[in-house]
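Working notes for the structure below.
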Amino acid sequence: MALLVLVSLLSWTIIFAKWNLFRAARSNNQKFLRAFRKAEGLPAVALVIEQFPLAPLVSVFEFGYEEVDRQLKRNGSVANKTAIERALQLGVSEELTKLERNMNWLATAASVSPFIGLFGTVWGIIDSFSALGLAGSASLRAVAPGISEALIATALGLGAAIPAAIFYNHYSHIVREIATRMDDFSNEFMNMAERGYDG
């Protein structure tokens with residue numbers, strides 16, 4: 001039961017941390033995207049990215065802009081568009097890794113907690129039958145403590161698993177949504193790069 005309480009506390013800690021992270025990421029993404037679409041070119045965007053520190057799109061932009069800047073310094077033009085696309089994809093992958101951090105804990109808690117609770121249930125029933133054997137008669141007083149422990153263990157297992165499963169699925173949907181927005185932004189970045197620089 002102590003293990004289930006610990007699992008539940010860790011799960012709720014992750015749930016609240018992710019809630020704040022995703023809320024800030026969505027809000028900053030929207031603000032950054034508005035600034036990006038209003039900007040005259042990539043250098044103008046680079047000047048304002050510090051205003052959006054929690055936007056995953058900023059990291060994607062930085063990866064792409066570094067590659068554009070590297071090509072401009074080397075060749076005087078943006079000639080290798082494939083390299084820019086690869087840089088943008090690296091930015092997307094890095095941000096997804098950050099967003100998905102600790103998500104596996106929620107999945108593990110959701111799948112393992114019911115089994116830990118079931119183990120506690122079995123243990124409580126074993127205690128009940130042991131007490132019944134020692135009492136020598138089938139009295140409620142002999143079996144009640146073990147049965148109550150069994151039911152508490154079951155409830156704790158479900159109490160730890162259900163929120164973890166709900167929020168894991170909810171957050172997985174948010175991560176997929178942000179990943180789609182990052183892919184779309186990569187296309188917008190390529191459009192701006194092609195407009196702003198000669199190939």
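The values are calculated or read from the model by the stated rules, or taken from the named source; none is laboratory data. In this text the structure is predicted, and so the values were computed from the model without any measurement. For neighbour counting, all protein chains shown are included, and Cβ atoms are generated from backbone atoms with ideal geometry for every residue, glycine included.
Quick rundown of the values:
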{"quantity": "Given (1) of a type outside the set (S, T, N, Q); (2) in a helix (DSSP H, G or I); (3) farther than 15 Å from residue 188 by Cβ; (4) within 17 Å of the chain's Cα centre (by Cα), number of the condition residue 57 does not satisfy", "calculated": "(3)"}
{"quantity": "Among the candidates 2, 35, residue that is aliphatic (A, V, I, L, M), at pLDDT 90 or above and farther than 26 Å from residue 171 by Cα", "calculated": "35"}
{"quantity": "Selection from segment 69-84 of residues that are more than 24 Å from residue 183 (Cα to Cα) and either surrounded by 14 or more Cβ atoms within 10 Å (Cβ to Cβ) or of a type in the set (Lys, Arg) (or both)", "calculated": "73, 74"}
{"quantity": "Extreme residue, farthest from residue 190 (Cα to Cα), among residues of segment 66-89 that are part of a helix (DSSP H, G or I) and touching a residue at least 24 places away in the same chain (Cβ under 8 Å)", "calculated": "72"}
{"quantity": "Pick from segment 126-150, criterion surrounded by 15 or more Cβ atoms within 10 Å (Cβ to Cβ) and under 15 Å from residue 1 (Cβ atoms), ranking: modelled with the lowest pLDDT", "calculated": "146"}
{"quantity": "Residue match in segment 55-63 (condition: among the charged types (D, E, K, R), out of contact with any Pro (no Cβ under 9 Å at 6 or more places or on another chain) and surrounded by 17 or more Cβ atoms within 10 Å (Cβ to Cβ))", "calculated": "no"}
{"quantity": "Odd one out for residue 9, checked against (1) closer than 30 Å to residue 117 by Cα; (2) touching a helix residue (DSSP H, G or I) at 6+ places or on another chain (Cβ under 7 Å)", "calculated": "(2)"}
{"quantity": "Verdict on residue 122 being of a type in the set (Val, Ile, Thr), surrounded by 16 or more Cβ atoms within 10 Å (Cβ to Cβ) and either part of a helix (DSSP H, G or I) or touching a residue at least 24 places away in the same chain (Cβ under 8 Å) (or both)", "calculated": "no"}
{"quantity": "Segment 166-183, subset of a type in the set (A, V, I, L, M) and over 10 Å from the mean Cα position of the chain (by Cα), residue surrounded by the fewest Cβ atoms within 10 Å (Cβ to Cβ)", "calculated": "166"}
